[in-house]
Amino acid sequence: MSEYYCGLFSLMVKSWRQAWDDKLPFITVQLTPHAFAVAPRIWPNLIHQQIKATRTIDDVYMVTTSELGTYGNVHSLPKFPIGERMFITAQSQVYGKGGEYCGPIFKKAEKDGNRLRLYFDHAESG
């Protein structure tokens with residue numbers, strides 16, 4: 001079912017924007033890996049769908065929570081770091097205050113002889 005996430009999320013964003021008659025920015029929260037402890041194959045596919053949504057829907061951003069969470073709980077604890085990350089994202093992307101709001105996200109890989117070169121978004125200094 002995780003393969004439907006991006007499409008369903010896109011429909012939700014579109015319907016909320018229509019209801020509010022506004023192009024609302026969306027800041028979503030990455031689901032934690034701990035939430036899917038009982039079904040570990042679901043989590044990578046779902047995260048891929050969440051990232052795809054941020055790349056294909058205008059003004060949608062995601063804060064990462066991969067190191068946070070409570071085992072077996074889809075609603076991450078603690079809440080403060082998540083709220084802080086959402087604030088940083090809003091300041092940077094919605095209110096134009098600049099600054100990095102997101103950790104590195106894989107972009108592409110290229111083979112270079114016997115080496116593999118990896119490229120990431122949001123890794124300007126890395």
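Find the residue count for the stretch 60-88, including only residues that are of a type in the set (S, T, N, Q) and at pLDDT 95 or above.
Total satisfying the criteria: 0.
If I filter the stretch 101-117 down to residues being more than 18 Å from the chain's Cα centre (by Cα) and open to solvent by less than 90 Å² (accessible area, probe 1.4 Å), which single residue comes out as farthest from T32 (Cα to Cα)?
Looking only at the stretch 101-117, we keep the residues that are more than 18 Å from the chain's Cα centre (by Cα), and these are 109-117.
Keeping just the survivors that are open to solvent by less than 90 Å² (accessible area, probe 1.4 Å) gives 109-110, 112-113.
Values: A109: 25, E110: 29, D112: 34, G113: 36 Å.
Filtering the stretch 101-117 for residues that are more than 18 Å from the chain's Cα centre (by Cα) and open to solvent by less than 90 Å² (accessible area, probe 1.4 Å), the one farthest from T32 (Cα to Cα) comes out as G113.
How many of the residues making up the stretch 41-59 are open to solvent by 30 Å² or more (accessible area, probe 1.4 Å), within 22 Å of F26 (Cβ to Cβ), in contact with a helix residue (DSSP H, G or I) (Cβ under 7 Å, 6 or more places away or on another chain) and at pLDDT below 90?
2
For Q91, work out the one condition from (1) loosely packed, with under 11 Cβ neighbours inside 10 Å; (2) modelled with pLDDT of 95 or more it doesn't fulfil.
(1) is the only condition that Q91 fails.
Please find, within the stretch 13-40, the residue that is modelled with the highest pLDDT out of those that are closer than 17 Å to G69 by Cβ and assigned to a helix (DSSP H, G or I).
Per the stated criteria, the residue is P33.
I'm told G98 meets every condition in (1) surrounded by 11 or more Cβ atoms within 10 Å (Cβ to Cβ); (2) more than 15 Å from F26 (Cβ to Cβ) except one. Can you identify the failing condition by its number?
Failed condition: (1).
The values are calculated or read from the model by the stated rules, or taken from the named source; none is laboratory data. Everything numeric here is computed off the predicted structure, so don't read it as measured data. Cβ coordinates were reconstructed from backbone atoms using ideal geometry, including for glycine residues, and neighbour counts include every protein chain displayed. Protein only, heavy atoms only, side chains kept; ligands, DNA and RNA dropped before computing areas. Shrake-Rupley method; radii C 1.70, N 1.55, O 1.52, S 1.80 Å.
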